[in-house]
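Notes to accompany the following structure.
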Amino acid sequence: MAPSGSSSIKRSCRRVLYWIPVLFITMIVGWSYYAYVIQLCIGSITNIGEKVVCVVAYHLFFIMFSWAYWKTIFTTPMNPSKEFHLSYTDREILEREERGETQQEVLRRIAKDLPIYTRTLSGAIRYCDRCQLVKPDRCHHCSVCDKCILKMDHHCPWVNNCVGFSNYKFFLLFLAYSLLYCLFIAATDLQYFIKFWTADGNAHRRLKEYWNGLPDTQAKFHIMFLFFSAAMFSISLASLFGYHCWLVSKNRSTLEAFRAPAFRHGADKNGFSLGFGKNLRQVFGDEKKYWFLPVFSSLGDGCSFPTCLVNQDPEQPSTPAGLNTTVKSVGDASPFPAKPLRESQSRLLISGQSWTESDGGHEEDKHGTSNPAMVIENET
């Protein structure tokens with residue numbers, strides 16, 4: 001009992017420690033609200049029109065930033081559906097038998113009925129022995145969350161959550177609105193630092209006169225530190241947001257950028273790319289009115305994804321398993337998790353040359369393929 005109680009205490013302590021970065025960000029944002037609204041807008045800006053514009057605009061950025069940050073933190077990462085989990089009988093066989101032909105047959109039978117196109121670098125089925133499931137494409141096991149995450153991008157300590165299929169759009173909006181938030185603060189606060197440079201005379205004297213004109217020493221400190229904090233955060237956020245915009249344009253996750261997904265023909269970093277427009281729609285959805293709101297609108301179910309490389313494999317079907325090629329109307333909304341891939345992704349695929357069938361061909365009635373060299377190979 002003692003070891004069990006000790007491990008439980010350690011897990012509880014780790015969970016508390018994981019919230020420290022989130023608490024730090026929350027404190028910084030809370031202080032910035034006080035410094036900008038109270039010390040700068042209310043206490044220092046004398047022009048009523050400028051004061052109203054700054055307060056209103058600031059609160060718009062603050063609300064959108066807070067909304068996106070909240071959704072990124074508290075949106076539960078999606079896990080593989082039950083069809084990817086091994087049955088009790090299959091688990092017993094895998095545990096009882098050595099890693100040999102019997103295990104290969106079990107994985108071959110399971111993978112044959114699943115829309116799986118990726119493999120390990122050695123060509124084996126991607127299998128997680130901790131979760132006891134066959135990994136869907138782009139799914140990885142998170143060591144911090146200790147579970148498999150659909151379309152895992154990375155585990156972000158600043159949100160204390162895995163960034164994956166269910167909240168990747170929220171994470172992008174969080175980066176975008178936090179960048180706009182910092183840029184707005186830096187831009188509107190900058191004028192109080194450059195005002196003395198634009199006039200003739202001694203710069204130091206102008207600076208001294210400017211500081212002496214502020215209400216008190218406390219306001220001077222807050223306004224000065226607010227500008228430098230916003231400027232520094234803007235630089236780091238701009239680079240991070242730009243990098244993730246590039247990832248979206250290429251339809252890659254952070255993990256796939258460092259290690260290209262492997263297909264039967266080998267690793268290919270562009271295997272899931274369908275072109276800029278379709279890549280963008282996979283993350284943000286078809287309805288543009290939801291693109292800038294932290295509401296779920298991504299296409300698919302997170303378990304399977306269209307790939308431009310499927311037709312290069314003669315054993316693979318020309319479209320994902322069970323794909324319903326009937327186009328749904330754009331206004332046909334559904335609750336989270338919205339729009340299963342087999343229905344919604346058809347809008348991305350119908351116009352794509354990589355998914356058009358050859359003349360006289362027909363859609364094969366199967367979901368995946370078996371690999372004659374399948375073995376259990378764990379992959380994070």
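How big is D for the range 211-301, in µm² s⁻¹ as a whole number, if Stokes-Einstein is applied with the Kirkwood radius of its Cα pairs at 10 °C and 1.306 mPa s?
So the translational diffusion coefficient is about 95 µm²/s.
Stretch His265-Lys51 to full length: gain in nm at 0.36 nm per residue minus the Cα-Cα span?
The span from His265 to Lys51 would gain 70.9 nm if fully extended.
Given H placed on each backbone N at 1.01 Å, which residues far from Arg126 in sequence or on other chains put an amide H within less than 5 Å of it?
Here the answer is Thr120, Lys135, since their amide H atoms fall under 5 Å of that of Arg126.
With labels modelled as points extended 7 Å from the Cα through the Cβ direction, what inter-label distance (nm, one decimal) is found for Arg130 paired with His59?
4.5
May I ask you to compute the full-extension gain from Asp113 to Cys245, defined as 0.36 nm times their residue separation minus their alpha-carbon distance, rounded to one decimal in nm?
44.1 nm
Can you pull the Rg over Rh of the range 100-144, Cα-only, Kirkwood? Write out the running numbers ahead of the final one.
Numbers: Rg = 10.7 Å, Rh = 11.2 Å.
Checking Rg against Rh, the ratio lands at 0.95.
For Trp291 and Arg96, calculate 0.36 nm times their separation in residues minus their Cα-Cα distance, and state this gained length in nm to one decimal. All intermediate terms of the calculation are to be shown ahead of the outcome.
On the way: separation 195, 0.36 × 195 = 70.20 nm, distance 4.95 nm.
Length gained between Trp291 and Arg96: 65.2 nm.
Strictly over 20 Å apart at the Cα level, which of Lys151/Lys250; Lys10/Lys71; Lys151/Lys269 would you flag in this model?
With Cα atoms farther than 20 Å apart: Lys10/Lys71.
Between Thr76 and Leu121, what FRET efficiency comes out of the Förster formula 1/(1 + (r/R0)^6) with R0 = 22 Å and r the beta carbon distance, rounded to 0.05?
Details: r = 30 Å, r/R0 = 1.38.
For Leu121 and Thr76, the calculated efficiency is 0.10.
We did not get these values from a lab; they are worked out from the coordinates using the rules stated. Predicted, not measured: the structure shown is a model, and the values here were computed from it. Note: ideal-geometry Cβ built from the backbone for every residue, glycine included; neighbour counts use all protein chains shown.
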